[in-house]
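Everything below concerns the one structure shown next.
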Amino acid sequence: MLKQFFWMCSGADTDILQNCSKAEQTKFAGIGGTVFFTALMAFIAASYALFTVFDNYYTAIFFGLVWGLLIFNLDRFIVSTIKKQDNKWKEILQATPRILLAIIIAIVISKPLEMKIFEKEINQVLLTQKNDLTLANKEQIANQFTPEITTIQTEIEQLKQEIATKELETNTLYNTYISEAEGTAGTKLLGKGPVYKEKREKHDAALAELQQLKTENKAKINEKENQISALINQQNEQITTTQPIIDGFDGLMARINALDKLPWLPTFFIFLLFLAIETSPIFSKLIAPKGEYDFKLQDIENAAKTWVTQKENQRNNVLNTDTILNESIYNELADEEELYNYKKQKAREILQFQADAFYKSQKKIVG
């Protein structure tokens, strides 16, 4: 049962193989097994690749099965269309397009399995890329908000500087009228005279202005600090919103690119393995000598070709004979006087009928 299944996979005529030797049957069972297991690996590879895209087992398995059946049909077609010939160069020329197709199929099959085999290394590359993308994303978002935040911070510093300048001015006036009262500066008269009162009034006015300035600038500073807090919140919110996109940066294309960043030699050997598996049925047919199955198949094809050729020749002969007979019969009929008179009479009747019909139609028109 299993052997017959592998015969079917090889694309061979099972009726012919039933009457072949054990060695011939084993050869085609091996070719069919290679075709089957290549399709099985194609199913596994496609299912894994599609799972990284859809993240759903059922969808990945369904489309992976479709892909595996497609590869199975292609491989079976490739192997079954290679026929043994007496000239090896003709066989190689016949197999060249099929070998190129097998190479393409091997590349398609091997790539997803390479991603699975080197999954840990690919994850490490993706982690590094995600970290770089996270830092770049934060820097890019910060570049959007930093100029405005810096401008507001500069304005806050200016407001604080105004308060500090006014405080310095007020403190200077305080020291001036205290020194006047102590007699250590100004008029150097001890006591609270007119000059003292004048300087005290300037200080009190400056102190009132300082309090007013502090109140106004503090309100402005609070408002600007709230603006900075709002901008920082927007910045953090934008970082939080965009981070899941970076975290999801592990799709099929990202993994293929990450695989390309790994050393090429291990992946190349895996590709060679699949290439050997995919092309082995073709090369086994090319290398193997013409066997019992090939002779029997050729005999059946030659018999069918001969039968078709005979039928075609027979139809051509029948056509030629019929043509000759018809020419001979009509030539003899052309010389018969009875047939001539009969056809002449019928022609006269037709002409009379046409003349009568024309006369009646003209009479109706004239009225």
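The values are calculated or read from the model by the stated rules, or taken from the named source; none is laboratory data. As the structure is a prediction and not an experimental result, all values here were calculated from the model. Counting neighbours? That spans all protein chains shown, and the Cβs are built from the backbone with ideal geometry, glycine included.
Listed here are the helices (runs of 4 or more DSSP H) enclosed by the stretch 1-104 that have at least 1 residues being modelled with pLDDT under 80 and closer than 30 Å to PHE249 by Cβ: 22-54. Scanning the stretch 256-303 for residues that are closer than 30 Å to ILE109 by Cα, without any contact (Cβ under 8 Å) to a residue 24 or more places away in the chain and hydrophobic (A, V, I, L, M, F, W, C) yields TRP264, LEU265, PHE268, PHE269, LEU272, ALA276, PHE283, ILE287.
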